[in-house]
Amino acid sequence: MGEHTSDGHDPAANEIPESWARAALAGGGASGLVGLVFGSSVAWWVHQPLSMAVKYTFTKGARFAAFGAILSGTHAFTAQTRQKDDFYNAAIAGAVTGLALGIRGGTVPRIVFHTAALSGLAAATDVSYRQTIRAREPTLQKDARRDS
């Protein structure tokens, strides 16, 4: 997919994860924490009573965790299956996550919308991340030589 350093290493290529289950747990855990913060922030912002705020916070945390686990686990699973780590894995993972989110919405137009939107968003985010890493690689190498 792109440029390589003198030693043949592509700085933007992530290593293929050893375990898709571990990736799903890590993604679900991190997303769950984000969901808890998001849920508590919204509950605080709209001045919900404490009992409703706690329920809302944990509901959002659980939903974020579930969708984060689906996204991360599917991304790692497709990378393992294809033996390649590129933006197609992110697009597939986004599509599966969008499908799960759309099914929760209940209508065919929502399913199609969420599948397409999350697939495109995940692929675009992955491409952007890889380009950022490639752009920073010369600076990182220079800093490593200076520090040694």
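The values are calculated or read from the model by the stated rules, or taken from the named source; none is laboratory data. Here the structure is a predicted model, which means the values were calculated and not measured. Neighbour counts run over all protein chains shown; Cβ positions are idealised from the backbone, glycine included. Ligands, DNA and RNA are stripped out before the accessible areas are found, and what is left, the full protein with its side chains, is counted by its heavy atoms. Shrake-Rupley method; radii C 1.70, N 1.55, O 1.52, S 1.80 Å.
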| Residue list for the stretch 1-50, filter: open to solvent by 60 Å² or more (accessible area, probe 1.4 Å), among the small types (Gly, Ala, Ser) and modelled with pLDDT under 85 | Ser6
| Where in the stretch 39-148 are there helices (runs of 4 or more DSSP H), lying fully within it, with 3 or more residues that are farther than 25 Å from Trp20 by Cα and in contact with a helix residue (DSSP H, G or I) (Cβ under 9 Å, 6 or more places away or on another chain)? | 50-82, 108-147
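Test Arg134 against the stated conditions and say whether it is touching a residue at least 60 places away in the same chain (Cβ under 8 Å) and either among the basic types (Lys, Arg) or open to solvent by less than 60 Å² (accessible area, probe 1.4 Å) (or both).
It is true that Arg134 is touching a residue at least 60 places away in the same chain (Cβ under 8 Å) and either among the basic types (Lys, Arg) or open to solvent by less than 60 Å² (accessible area, probe 1.4 Å) (or both).
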| message | Going through Ala124, Ala53, Ala62, Ala76 one at a time, which residue ends up being open to solvent by less than 40 Å² (accessible area, probe 1.4 Å) and within 18 Å of the chain's Cα centre (by Cα)? | response | Ala76
